[in-house]
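First comes the structure, then the notes that go with it.
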Amino acid sequence: MKVTALRRRLARHAATVARPVARMARGQSRLQRTDLALALVLVMALVTVGLLEFAPAQARNDRLAGRPVPAGDLATIQSAALSCPALTGPRLSAQVMAASGFDSGAVGGGNVRGLAGLDDTTWRRWEPWPKAQLSDRRANVVALAHHTCEMVGQLRAAGVSGDPWRTAVAATHAGLQAVLDVKAIPASAQNYVDTVSAYAEWYTRQPQFGGLDPTATASPGLPLAAAAAGAKPLPQQYVADVVRAGNICLPVTPARIAAQLMAASGFDPNMRSANGAQGIAQFLPEIWAQYAAASNSPAASPWNPHSAIPMLGSVMCDLSGQLSALTAGDPYTLALAAFQWGTGAVRAAGGAPQAPALQDNTNRVLAYVDYYAKDTRLGAPPSPTASASPSKSPGPSPSQSPASPPPAAQSPAAPRPNPPAAPTGYNFESGTMGWQRGQNIARVERVTTFENRPRTCYSGSCLQAVGEFIASTTPRSVYIAPAKPIDMSKKSMFKVQFNCFGGVQGATGYRAIVALTGSDGSRVIATLAPPADTWTTLSVNLANWSSVSSVTRIEVTFQAVGTTYPNWTGNFQLDNATWG
């Protein structure tokens, strides 16, 4: 109960008691009036004590309790909450709870609707990908997170004091201008902000977010000792694959591969999880598609253990390498988180995101590692003459999905995450074609659509470079180093279609640098100023370059110019890289 309400009640009770006492005092002697006055003071004190004793109990009854975050929304909320430091999983959950009670069909006043309670104008501004639907729960959560973080940034830039998240919540409810007008939370939004804050406190105590509320459902986490005790022996038919996968790079050992498989599926090649993860290694479809395309092994399948296990080794090595520069954790442990949530979430968190589900999986894997490290079958690389993988998959298509694709008949050779493409140009129709992330790039990926305009590739598929969340003027680059030098001597120009994010506050423009390096170390470079959010041809003149017949590296770098705006992803796309 609020203090003002307590004061009003106290005044009413005092008046009720004082009126009859005053009537009694009239006509009494001075001594009698003194006794009555003392009685009045005593009664007032008792009333006050009674109200003060009542107030905490009432406050406890007023504690808001939200609804548990649906299991299908939890990972999205945890990941989206990394959009800015002011946002957390409990806070974002509280905003969704206040907006819709986690009802994707909710409709509110002011034409707000959907899980995030956004109006049409806000939705169109923040829809996270082309053709996203307002009924899409994941899209709603991501849009709300981006909207909130944008409010945090604008209010900070305007010098609004107070808790950045609370003022941002006020801006999402009452409008940005209403907060800017008073440089604080306006009265019209105070009750709403208090409600959302109360929900946030409740979610902070829930085991879903690592809380210890004794009234909440117990966390499904498994103690390390119990996890280790539950490990199963590695089936013999997978030993050769696990040894191969665990000898691709130093951080990823056979024991770690076996432990990861045990934690993921218990060595069940037919397992399909609620989040869509498939097979013995529990590859998400988008992760499998990315690496399978780069491996040039179209027959590989996540349902075939003899495809999936070697692929897991390649993926974990690639992720460990990408995250090796982070100081907040062991690269392999970070790779475990990235395998589930992506490298972007890990980089945004500066380490493994603090989510109980992720920590639980990591604990399981690390507990199992000691068990499998004692398996003498995993102690040495396979013999060069030994068959690395049987020709047939041991199981049928997944039991929960009869329509799932059958396992591939043959096991591919251990795939490399980014093998070089043949030197005939790069159209990215078959994958990333060997292009790698350079400086300040979180990942490269083949896409057909993307978030910024014009939202579609120049033709078919294209390469997207997802930048790290750092200062906007920091250079970001991608490159390819083909296995054999490319002979461009019969060509006069190198060309690549280029598109980039725009909208950086204070930017005077954007800079793209295309550099080709020859086997003799010489370079030819073109620096250009492309417009944002539209496809532009970047060209490099190859005439009179001494190393045009032996090109060993192609690199494209991008950055914003003339601004101090911080923390910008700076994504860009490439398509149809040719020489002609």
Under 8 Å by Cβ, and 6 or more places apart or on different chains, what pairs join a residue from the range 474-490 that is over 15 Å from residue 516 (Cα atoms) with one that is buried (at least 20 other Cβ atoms within 10 Å of the Cβ) and β-branched (Val, Ile, Thr)?
-> 475/557; 476/441; 476/557
Name the pairs whose Cβ atoms lie under 7 Å apart, with the first residue in the range 247-276 and without any contact (Cβ under 8 Å) to a residue 60 or more places away in the chain and within 17 Å of residue 367 (Cβ to Cβ), the second part of a loop (DSSP other than H, G, I, E, B) and among the β-branched types (Val, Ile, Thr), and 6 or more positions between them or separate chains?
-> 261/280; 265/280; 267/280
So residue 55 fits all but one of (1) open to solvent by 20 Å² or more (accessible area, probe 1.4 Å); (2) modelled with pLDDT under 75; what number is the exception?
-> (1)
Could you list, in sequence order, all residues of the range 479-502 that are among the hydrophobic types (A, V, I, L, M, F, W, C) and either surrounded by fewer than 20 Cβ atoms within 10 Å (Cβ to Cβ) or out of contact with any Leu (no Cβ under 7 Å at 6 or more places or on another chain) (or both)?
-> 480, 481, 483, 486, 493, 500, 501
Looking at 505, 573, which one is of a type in the set (S, T, N, Q), buried (at least 19 other Cβ atoms within 10 Å of the Cβ) and within 30 Å of the chain's Cα centre (by Cα)?
-> 573
Which of the residues spanning the range 335-368 are under 28 Å from residue 234 (Cβ atoms) and open to solvent by 40 Å² or more (accessible area, probe 1.4 Å)?
-> 340, 341, 357, 359, 363, 364, 366
Matching entry among 353, 302, 331, 310 (being in contact with a strand residue (DSSP E or B) (Cβ under 7 Å, 6 or more places away or on another chain) and touching a residue at least 12 places away in the same chain (Cβ under 8 Å)) | 302
With respect to residue 148, determine if the residue is polar (S, T, N, Q) and over 24 Å from the mean Cα position of the chain (by Cα).
-> no
Looking only at residues in the range 219-275 that are small (Gly, Ala, Ser), assigned to a loop (DSSP other than H, G, I, E, B) and at pLDDT below 90, which one is surrounded by the most Cβ atoms within 10 Å (Cβ to Cβ)?
-> 246
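Residue-by-condition table, conditions (1) under 30 Å from residue 503 (Cα atoms); (2) modelled with pLDDT of 70 or more; (3) part of a helix (DSSP H, G or I):
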residue	(1), (2), (3)
361	no, yes, yes
388	no, no, no
400	no, no, no
407	no, no, no
415	no, no, no
430	no, yes, no
444	yes, yes, no
463	yes, yes, no
Check 477, 459, 472 and return the single one that is closer than 19 Å to residue 577 by Cα and assigned to a loop (DSSP other than H, G, I, E, B).
-> 459
Collect the residues in the range 322-333 that are within 20 Å of residue 284 (Cα to Cα) and either modelled with pLDDT of 85 or more or open to solvent by 10 Å² or more (accessible area, probe 1.4 Å) (or both), keeping them in residue-number order.
-> 322, 333
What are the residues in the range 547-565 that are surrounded by fewer than 19 Cβ atoms within 10 Å (Cβ to Cβ) and either charged (D, E, K, R) or at pLDDT below 90 (or both), if any?
-> 553, 561, 562, 563, 564, 565
Could you check, for the range 286-303, whether at least one of its residues is of a type outside the set (Gly, Ala, Ser), closer than 25 Å to residue 375 by Cα, part of a loop (DSSP other than H, G, I, E, B) and open to solvent by 20 Å² or more (accessible area, probe 1.4 Å)?
-> no
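The values are calculated or read from the model by the stated rules, or taken from the named source; none is laboratory data. On a predicted model such as this, the values are computed, not experimentally measured, just so you know. We place every Cβ from the backbone using ideal geometry, glycine too, and count neighbours over all the protein chains shown. Surface accessibility is based on the protein's heavy atoms, side chains included, excluding ligands, DNA and RNA. Shrake-Rupley method; radii C 1.70, N 1.55, O 1.52, S 1.80 Å.
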